[in-house]
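This report refers to the structure that appears directly beneath it.
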Amino acid sequence: MNSSNSFKIHRLAIEMDKVADNVLRAELNISYSRFYFLLTLQQDKYHTQHMLAEALGYSDPAVSKMVVELSKDGHVTVVHDPSHGRRRLVSITKKGEEMAKRAMAVLDACFSQVATSVRVDEDTYGNETELLIEAMIQKRKGDL
């Protein structure tokens with residue numbers, strides 16, 4: 001395996017995404033990308049579709065497709081922005097919040113099982129990961 005820490009972190013993220021997608025599809029019949037969409041909506045409750053695309057790193061057409069699918073499932077609602085005729089506001093429903101909560105519990109249990117199996121302390125890992133996330137945000141903003 002490549003000895004570069006940045007490579008290892010990227011590889012871990014890719015593997016975690018794959019496992020998360022497999023587990024969520026099997027247990028809750030939702031993809032990881034749909035769960036992440038709901039999780040992002042939970043943070044602020046209301047978003048324009050374009051804001052969601054930027055927050056998720058997805059294209060506007062991809063978000064538009066997700067909005068349609070999640071709306072059909074009752075996880076989100078969409079209304080036209082009264083202050084801007086072409087803009088649509090997306091919000092998470094109670095059903096969507098419950099799905100996000102259930103999915104997070106499933107993923108937390110999965111990660112806990114994996115971490116325990118290789119003797120990784122979850123609290124230490126979580127704390128150090130949070131430090132890295134905050135530092136990366138500072139770096140992106142030019143503050144580091």
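In table form, for the structure just shown:
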| item | result |
| --- | --- |
| Where the chain is the region considered: accessible area per residue in Å², 1.4 Å probe | 69 |
| Hz values of 3J(HN,Hα) by residue in the range 61-70 - Karplus curve (6.51, -1.76, 1.60), Gly and Pro given as x | x, 5, 5, 4, 5, 5, 4, 4, 5, 5 |
| Relative contact order (%) - the chain, alpha-carbon pairs under 8 angstrom, separation at least six | 18 |
| Radius 14 Å from Cβ of Leu131, net charge of other residues (Lys, Arg +1; Asp, Glu -1) | -3 |
| DSSP-loop trypsin sites (Lys or Arg not before Pro) across the range 1-85, with at most 13 other Cβ within 10 angstrom | Lys45 |
| Accessible heavy-atom area order of Met99, Met136, Met51, highest first, probe of 1.4 Å | Met136, Met51, Met99 |
| Accessible-area value, Thr77, 1.4 Å probe, nucleic acids and ligands omitted, Å² | 60 |
| Stokes-Einstein diffusion coefficient of the range 5-80, Kirkwood radius over Cα pairs, 25 °C, 0.890 mPa s, in µm²/s | 182 |
| Loop trypsin sites (Lys or Arg not before Pro), the range 93-128 (other Cβ atoms within 10 Å of the site Cβ: 11 or fewer; DSSP) | Arg119 |
| Over the chain: helical MRE at 222 nm, DSSP H runs n ≥ 4 each giving -39500 (n - 2.57), nearest 500 | -23500 deg cm²/dmol |
| Accessible-area composition of the range 1-132, carbon plus sulfur, in percent [1.4 Å probe] | 54 |
| Local electrostatic count at Val114 - Lys and Arg +1, Asp and Glu -1, tallied over other residues with Cβ under 14 Å | -3 |
| Overall Cα dimensions of the range 103-144 - principal axes, largest extent first, Å | 37, 24, 11 |
| Under the Karplus curve 6.51 cos²θ - 1.76 cosθ + 1.60, θ = phi - 60°, whole-Hz ³J(HN,Hα) for the range 34-41, x wherever Gly or Pro sits | 5, 4, 4, 4, 4, 4, 5, 5 |
| Quarter of the Cα convex hull surface for the chain, i.e. its orientation-mean projected area (nm²) | 10.8 |
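The values are calculated or read from the model by the stated rules, or taken from the named source; none is laboratory data. Only a predicted model underlies this, so the values are computations on that prediction, with no experimental measurement involved. All Cβ positions, even for glycine, are placed from backbone atoms using ideal geometry, and neighbour counts span all protein chains on display. Ligands, DNA and RNA are excluded from the accessible area calculation, which covers all protein heavy atoms including side chains. Shrake-Rupley method; radii C 1.70, N 1.55, O 1.52, S 1.80 Å.
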